[in-house]
Amino acid sequence: MCSFRNNNQLFCFMCINYIFLGFFQISLALCFVLMFGNSMLLTSYYASSLVIIWGALALKPHFLKINVSELSLWVIQGCFWLFGTVILKYLTSKIFGIADDAHIGNLLTSKFFSYKDFDTLLYTCAAEFDFMEKETPLRYTKTLLLPVVLVVFVAIVRKIISDMWGVLTKQQTHIRKHQFDHGELVYHALQLIAYTALGVLIMRLKLFLTPHMCVMASLICSRQLFGWLFCKVHPGAVVVALLAAMSIQGSANLQAQWNIVGEFSNLPQEELIEWIKYSTKPDAVFAGAMPTMASVKLSALRPVVNHPHYEDAGLRARTKIVYSMYSRKAAEEVKRELIKLQVNYYILEESWCVRRSKPGCSMPEIWDVEDPANAGKPPLCNLLVKDSEPHFTTVFQNSVYKVLEVIEE
């Protein structure tokens, strides 16, 4: 997702000469090393975009020789960048056999079109991956965060337009360094646009938007943007007045959070973990819902075949097999696939079989999209809740969890 965001910034930087490609190349290399050689970074749209932009910048002198205007050059570079990035990304993914980020494109497609598949529905059926709720912009406005950010953004856009006009009219070609002085402002403005788009499309990603809005709001103190104002008013007075106005709603928000008093308790899961720790072998392999598997791995220290890190293609494939317990497939078929994964115990949760966040979002309904051939049959999970025989044996059960031992033939 971040790859799509960074691509747009790179292209805009390139067009108006704010870009110094070495910084981006170094940052990508550092990320690759610090993430223990994550090959997905090298086959991302971001890496492909860097290579294509490097090529576009290398070819720019040749385009200038044929007397094309700056605007025409931007169009040519845009087409070269767009098609080149997509083609190079496709080729590198095929060559290295990397498909870890394939679901991201499908997720974005589902936001604009009627595309559906198993992985996409697991995301879009969760409230945190739905569109941003309508109350969020209102909350931003009440704290004055949104109005301040808009003022800063407009000021930056004015500077960018001034620079772009200078490039188009060839008035500033001799002061390229001046454009680099504004590079950080352009970066933050483009980052804000990207984070806003992601936050609107996927509510969970406002975790990037809100902090960046706070960073943008701090630029209200920038003499580079508001020097004309600070010639008349002391900067400290502006800051104090602004913080005082923001604190009215801000203090109310803090008080609301402080008033939340309670204690987390999940007794059924504690019973499950205790049973696993004292009634199963240390090398017993478990499968089940991703959140539950995280607890089993961390608290009971048992091997699991799936967990919430859904960005790995292999893990997505295993999770799909594990979640077939909530499909309408035959028990024998599901058992056979679980044995291939060397699963010893399956933790079945009846709530996963019946809960429905919105129409079309229960697990059996999601499987109807993926496996239409079995649509109309009773869900396997409902059958196993009543009677797990003959393919599975119930070895533990409480009000939430039912542990099924996978019987190998």
Which of (1) over 30 Å from Lys94 (Cα atoms); (2) in a helix (DSSP H, G or I); (3) out of contact with any helix residue (DSSP H, G or I) (no Cβ under 6 Å at 6 or more places or on another chain) is the odd one out, the single condition Val322 does not satisfy?
-> (1)
Residues of segment 384-393 being out of contact with any Ser or Thr (no Cβ under 8 Å at 6 or more places or on another chain) and surrounded by 15 or more Cβ atoms within 10 Å (Cβ to Cβ), in sequence order, are Leu384, Val385, His391, Phe392
Residue in segment 270-293 that is surrounded by the most Cβ atoms within 10 Å (Cβ to Cβ), counting only those that are in contact with a helix residue (DSSP H, G or I) (Cβ under 6 Å, 6 or more places away or on another chain) and either more than 14 Å from Lys402 (Cβ to Cβ) or not assigned by TED's automatic domain parsing to the domain that holds Phe396 (or both) = Ile273
Quick one: would you say Ile220 is assigned to a helix (DSSP H, G or I), modelled with pLDDT under 95 and more than 21 Å from Asn398 (Cβ to Cβ)?
-> yes
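Yes/no per residue for (1) modelled with pLDDT of 75 or more; (2) within 23 Å of Val200 (Cα to Cα); (3) loosely packed, with under 12 Cβ neighbours inside 10 Å:
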site	(1), (2), (3)
Cys125	yes, yes, no
Asp130	yes, yes, no
Lys134	yes, yes, yes
Leu150	yes, yes, no
Ile160	yes, no, no
Trp165	no, no, yes
Gln172	no, no, no
Arg176	no, no, yes
Phe180	no, no, no
Residue within segment 334-341 that is within 20 Å of Ile276 (Cα to Cα), touching a Pro at 6+ places or on another chain (Cβ under 8 Å) and crowded, with 17+ Cβ neighbours inside 10 Å present = no
Per the list (1) under 25 Å from Asn38 (Cβ atoms); (2) part of a helix (DSSP H, G or I); (3) out of contact with any Gly (no Cβ under 9 Å at 6 or more places or on another chain); (4) not acidic (Asp, Glu), residue check on Pro308 breaks on (2)
Here the residues within segment 93-121 that are at pLDDT 80 or above, β-branched (Val, Ile, Thr) and closer than 19 Å to Glu370 by Cβ are Thr109, Thr120
Could you grab the pairs with beta carbons closer than 9 Å, sequence gap of 6+ or different chains, first residue in segment 93-108 and closer than 11 Å to Asp119 by Cβ, second one modelled with pLDDT under 80 and of a type in the set (D, E, K, R)?
-> His103/Glu311; Ile104/Glu311
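Go through the residues of segment 394-404 one by one and say whether even a single one is surrounded by fewer than 19 Cβ atoms within 10 Å (Cβ to Cβ), part of a loop (DSSP other than H, G, I, E, B), touching a Phe, Trp or Tyr at 6+ places or on another chain (Cβ under 8 Å) and hydrophobic (A, V, I, L, M, F, W, C). Break it down into steps so the answer makes sense when it comes.
Start the filter on segment 394-404 by keeping residues that are surrounded by fewer than 19 Cβ atoms within 10 Å (Cβ to Cβ), which leaves 394-400.
In the following step, the residues that additionally are part of a loop (DSSP other than H, G, I, E, B) were identified as 398-400.
Filter once more, so that each one left must be touching a Phe, Trp or Tyr at 6+ places or on another chain (Cβ under 8 Å): none.
No, segment 394-404 has no match at all.
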Val233 passes all but one of (1) loosely packed, with under 15 Cβ neighbours inside 10 Å; (2) outside the structural domain of Pro137 (by TED's automatic domain parsing); which number fails?
-> (2)
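Go through segment 342-355 residue by residue and tally those that are part of a loop (DSSP other than H, G, I, E, B) and either surrounded by 17 or more Cβ atoms within 10 Å (Cβ to Cβ) or modelled with pLDDT of 95 or more (or both).
Looking only at segment 342-355, we keep the residues that are part of a loop (DSSP other than H, G, I, E, B), and these are 342-344, 355.
Right, trim to either surrounded by 17 or more Cβ atoms within 10 Å (Cβ to Cβ) or modelled with pLDDT of 95 or more (or both) and you get 343-344.
Matching residues across segment 342-355 total 2.
Here are Phe131, Phe153: which of them is in a loop (DSSP other than H, G, I, E, B), of a type in the set (A, V, I, L, M, F, W, C) and in the same structural domain as Leu242 (by TED's automatic domain parsing)?
Working: Phe153 fails: in a loop (DSSP other than H, G, I, E, B).
Result of the check over Phe131, Phe153: Phe131.
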Of (1) out of contact with any Cys (no Cβ under 6 Å at 6 or more places or on another chain); (2) not in a loop (DSSP other than H, G, I, E, B), Lys358 fails just (2)
Would you check if there is a residue in segment 62-72 being in contact with a helix residue (DSSP H, G or I) (Cβ under 8 Å, 6 or more places away or on another chain), modelled with pLDDT of 70 or more and within 30 Å of Leu107 (Cβ to Cβ)?
-> no
Conditions (1) touching a residue at least 24 places away in the same chain (Cβ under 8 Å); (2) in contact with a helix residue (DSSP H, G or I) (Cβ under 8 Å, 6 or more places away or on another chain); (3) not small (Gly, Ala, Ser) -> His309 fails only (1)
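The values are calculated or read from the model by the stated rules, or taken from the named source; none is laboratory data. Quantities reported herein were computed from a predicted structural model and do not represent experimental measurements. We place every Cβ from the backbone using ideal geometry, glycine too, and count neighbours over all the protein chains shown.
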